[in-house]
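The values are calculated or read from the model by the stated rules, or taken from the named source; none is laboratory data. Everything numeric here is computed off the predicted structure, so don't read it as measured data. Backbone-built Cβ (ideal geometry, glycine too); neighbour counts: all protein chains shown. Calculation scope for accessible area: heavy atoms of the full protein, side chains included, ligands and nucleic acids excluded. Shrake-Rupley method; radii C 1.70, N 1.55, O 1.52, S 1.80 Å.
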Amino acid sequence: MAAVWRGPGRLLLLVQKHHSYISLSQNLNQFARISLQFSTVVNYQKAMTDKPQTSTDLGLYKPPPTVRGMTELVRAAFSQTVSVPAIRIPTNVLNKVVKSLKKVALQRPGLKRVVDEHSEDGNKDCSNGEHRLLLLDPNSITSRDSFGSEEAEALKAYGVPQEIQRYELKLTYENLKSDEILRAVLPEGQDVTSGFSRVGHIAHMNLRDHQLPYKKLIGQVIIDKNPGITCVVNKTNTIDSTYRNFQMEVLAGESNMVAKVRENGVFYEFDFSRVYWNPRLSTEHERIVALLQRGDTVVDVFAGVGPFAIPAARRGCEVIANDLNPESFRWLQHNAKLNKVDQKITSFNMDGRDFIRGPVRERLPALMKGSQKIHVVMNLPALALEFLDAFRGLLGPEPDQSLSRQDDNLPQVHCYGFSKEDDAQRDVVERAEASLKISLQGRCSVHLVRNVAPNKEMMCVSFTLPRGVLYATHTQDRDSSDEPCPKKQKCEDLTD
């Protein structure tokens, strides 16, 4: 059984009928991790949703028709005066009454809830500041009878009459929320949902076709409404390069692509336009690192800028890390020094198969003679399952077991893959089995990392690398491991 997110409110349970991959207790733990992961993703993804987020959004702001279809942001055009309810409060009990009425007070970005009184001619009232007005939520308070029992009792206790008056409030662009602005601008009836991932000072968006005419305006709104965001980019193509980066367009703000990120207490710096980084994987990085013990060895085949390698080294592990992208390799070394773990990480800039058949093959026999665990991390979800064939016959003919007990310390593999199948667990396991040419039934566990898109999951299959895979038992096993690599498929899934 595995839990799979199909979107908000759609949680499916997949029951494994054909393989006993995971125990019930593992599934319960997995479900708890999935819940945490989903919560983390929501925190990372700022969304301008179709539904109003609070009651204060309903009916208070009616956008001027002149802003519909705007492609260049004119902030002054969004200003509007609205009438809201208010209650007159003596200043000597103001703080106490405001606290008691906080559930029905008006909530707006950049808006003061407590204002000065005005006389009928619009000037400040000559009451020597003895009274102030508390602005109220017009969706909660429409008359003196709208107060709940708790609010009514508090007003009575502090001697404040339940008299409602109207206050003419000027709403400006600064008081509006992102969804209100975009809903006012985009063609009526069009979906305005637009989420983004935050990478340091950069907001990374995937705009839909109908939003593209308004992309510059959307980018500026994101900067205006999200403190700390100084650059907004939109992905302009899918990742189809060997290096897992993608073309992007700057929609608003500065063009500085060097991001500074802190994830799980670790600092990273990198050029976001030239390497791969996904903030939605922070929980998965943390999950794998939690499995490690001081003194373990971590082999990171597709290391990127170090989200597995750096925390593993900080945990006291020896790390052998590799990435084909020269920029990722450079930033991996930079981040190792930044976090003062460069002495714990040996890094390579190679193809994944060459890395496994070269540096890993050279070190593995000695590592397997030790008592510390060996973890192999393969986080390239679009292709990693295919790379498992590099382990077949890796260590040559099987040694005389009377002279060696290397089978006591076989490597633990954590390999990632995308799946669009209804039974995602079974799919990734069968693909791993196809690459390894061996059954993993009863030997592996499968973890749902996250729901990438409708009907598409990112999975992690973990297993002890079988002795029968590492050692060649027939001549053809060795020959097959040296076959030329198939051409790389278009990595359209690597953006996820």
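Points to keep in mind about this one:
- Potential lengthening of the chain between R88 and A157 amounts to 23.3 nm, from the contour at 0.36 nm per residue minus the alpha-carbon distance.
- Each Lys and Arg adds +1 at its Cβ and each Asp and Glu adds -1 at its Cβ; summed about the Cα centre, the stretch 278-336 shows a dipole of about 180 debye.
- Centroid-to-centroid separation of the stretch 349-389 and the stretch 260-281 [C-alpha atoms, Å]: 23
- Overall, the stretch 189-347 carries a charge dipole of about 320 debye about its Cα centre when +1 sits on the Cβ of Lys and Arg and -1 on the Cβ of Asp and Glu, all other atoms neutral.
- Stokes-Einstein translational diffusion, the stretch 301-354 - Kirkwood Rh over all Cα pairs, 1.306 mPa s, 10 °C, in µm²/s: 151
- Ranked by the mean number of other Cβ atoms within 10 Å per residue, highest first, peptides 210-217, 306-313, 109-116 order as 306-313, 210-217, 109-116.
- Solvent exposure of the stretch 311-363 as accessible area per residue, Å², 1.4 Å probe: 44
- Based on alpha carbons, the Rg and Dmax found for the stretch 242-325 are 14.2, 46 Å.
- Within the stretch 162-209: Cβ-based charge dipole about Cα centre, in debye rounded to nearest 20 (Lys, Arg +1; Asp, Glu -1): 160
- 20 °C / 1.002 mPa s Stokes-Einstein diffusion coefficient of the stretch 231-378, Kirkwood radius on C-alpha pairs, µm²/s: 134
- Rolling a 1.4 Å probe across the protein heavy atoms gives the stretch 134-197 an accessible surface of 47 Å² per residue.
- Lys-Lys pairs in the stretch 172-301 that are eight or more residues apart or on separate chains and whose Cα atoms lie under 16 Å of each other come to 5.
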